[in-house]
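Notes follow the structure.
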Amino acid sequence: MKIFRFSFLMLAATLMLAACGSNDGVSSATGWNYNDPEWGGFDVTGVTEQGTAPGLVFIEGGSFVMGHVSEDNRYSWNNNPHTVTVSSFYMDECEVSNLNYCEFIYWMQRAYGEEYPEKVAAIMPDTAAWRDRLAWREGFVDFYLRSPNYADYPVVGVSWEQAQEFCIWRTDRVNEMVLVDMGIIELDQESLGTNAFQTDVYLAGRYEGETRRGLEDLNPSAGGEDRQVRKADGILFPYYRLPTEAEWEFAALGLIGNTYDERVTEHKTYPWAGQSLRSANKKYYGQFLANFKRTRGDAMGVAGNLNDGWDYTCPVKWYFPNDYGLYNMAGNVSEWCMDVYRKTVNPVGGDDMDPYRGNIYRTPELDEDGEVFIGDDGKMVYKDEEFQANRRNYRQANNVNYLDGDRASNLDNWRDLETEDEDEFGGEEETVEEEEEVEEAGMSPDDAETNRMYRRISDGKDNPTSSLVNNKVRVVKGGSWKDRAYYLQAGTRRYYDQNKSTSWIGFRCAMDRLGSRVK
């Protein structure tokens, strides 16, 4: 952390010099001087490379064959091999630990516990997820999350929604630290709740915390006043987020150590080379390379000669890392991905560059004065974009169902969607019964469309039910402590309800890489 902070202080010094006019660059387009108030004061930062945020490892992207490369033992056929390209990005070296998550809980309790206790309740892990009706695990229920003995073990009992909230909180705390270290804002421990630092609120110019100094505003119209940090300064980090399924699988395989002259010499099944689950290294010969269940009833081996050494979870920094330096990309806990689950990973016509299903484009809500709207809890309020009639790359905000059989995906002329006599659900007129069913279930129009697509006859008497596939299930990757070896394969995929949690699903964060794709 000291090295990280020192590097950012050096970066801050460079930025301050650039902002103060030491950059004597000249525009290649106009010939005007950059960073010169006499020539308009257009700021050009000296930052050209993105720094590495706390906990992350750089993942150099590239092309790879995503999907199963061995027999599909369960005959699910839901990850057939296909070639895609993943851009360079960052990913957590380790799974998010109990200690990391307890810090999150502590901060949320301090910030919102008194005024908004529901926010704290919403992010609390479900410790009862450890329970099983025919097993004794009350020790885990009572102590796993809080005991220092498990501080470095992966947090579990966390839903996809809670993992998302952790990512937002982590982004804000890291960017707050950057601005504090640069002397731009005060580290005010009383600025909690609605006054707490939030990255998007700050960038929107609505942060009300204590500011020490800003960057010099070179705009002649500014009258010598300082300005706040902008995106264009390259100081603040992009957002922490969950990895996409393609990113997760790409990072797990670690093909960077398995290529020669742009050729993949052996397509890996696991995060390590070969088909064995044991180490071939002479020093560690025969030791297991991941935490998993070898067979029914054998979770850790025989006393005096344990195989993988762990019955349930193990510390997040255990076993050998893969060629990217990532730990436990197979076994220990399965991990949440961003994607909404569909059986077809990359449908015909789907994008082969950074594929992802789940886009719902949002825009900030504006108040009556045209300013971004800040809710009572101090957070910015977002809404889905309006229908984009004149765009060619997308028309609607919610694209979860795109190329998945919904009506909008199959329209040859998007204007049909605007002019036809449609009901509020964006499709052909529904029967009264269907409209009542949607209303009673509290479904959005897009969820209702998905429900119709995956509806099936369950009892042969025309009583319709929905399958487990819907817009609220997310992709889960990687095997866990309770899984057999099949689930350790990088290509294996499962899904789980985004609002539910288990004792075998955890998560790790990712971040976009801005600019160059190599370091």
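Please treat every number below as a calculation from the coordinates, not as lab data. Just so it is clear, the structure is predicted and the values come from calculations on it, not from any experiment. In this analysis, Cβ positions are derived from the backbone assuming ideal geometry, glycine residues included, and neighbour counts consider all displayed protein chains.
Looking at segment 200-288, the GluC sites (Glu not before Pro) that sit in a DSSP loop and have at most 15 other Cβ atoms within 10 Å of their own Cβ are Glu208, Glu210, Glu225, Glu262, Glu266. Do any trypsin sites (Lys or Arg not before Pro) in segment 240-302 lie in a loop, going by DSSP, with at most 16 other beta-carbon atoms within 10 Å of their beta carbon, and if so which? Here the trypsin sites (Lys or Arg not before Pro) that fit, given the DSSP loop and packing criteria, are Arg294, Arg296. Each residue of segment 325-339 is assigned a 3J(HN,Hα), and the resulting list reads x, 9, 9, 6, 7, 9, x, 6, 9, 5, 9, 5, 10, 5, 5 Hz, derived from the Karplus form 6.51 cos²θ - 1.76 cosθ + 1.60 (θ = phi - 60°), x at Gly and Pro. Protection proxy ranking, highest mean first, for peptides 346-357, 156-167: 156-167, 346-357, where packing is the per-residue count of other beta-carbon atoms within 10 Å, averaged.
Amide H contacts under 5 Å for Val473: Tyr341, Gln498, restricted to partners 5 or more places along the chain or on a different chain, H placed in the peptide plane at 1.01 Å from N.
Distances between placed amide hydrogens fall under 5 Å for Thr259 paired with Thr265, all partners being 5 or more residues away or on another chain. The P(r) of segment 299-400 has a tail past 24 Å containing 58 percent of all C-alpha pairs.
Loop-located GluC sites (Glu not before Pro) in segment 101-151 (DSSP state not H, G, I, E or B) with no more than 12 neighbouring Cβ atoms inside 10 Å: Glu114. If you take the Cα centroid of segment 136-214 and the Cα centroid of segment 344-396, the two points sit 24 Å apart.
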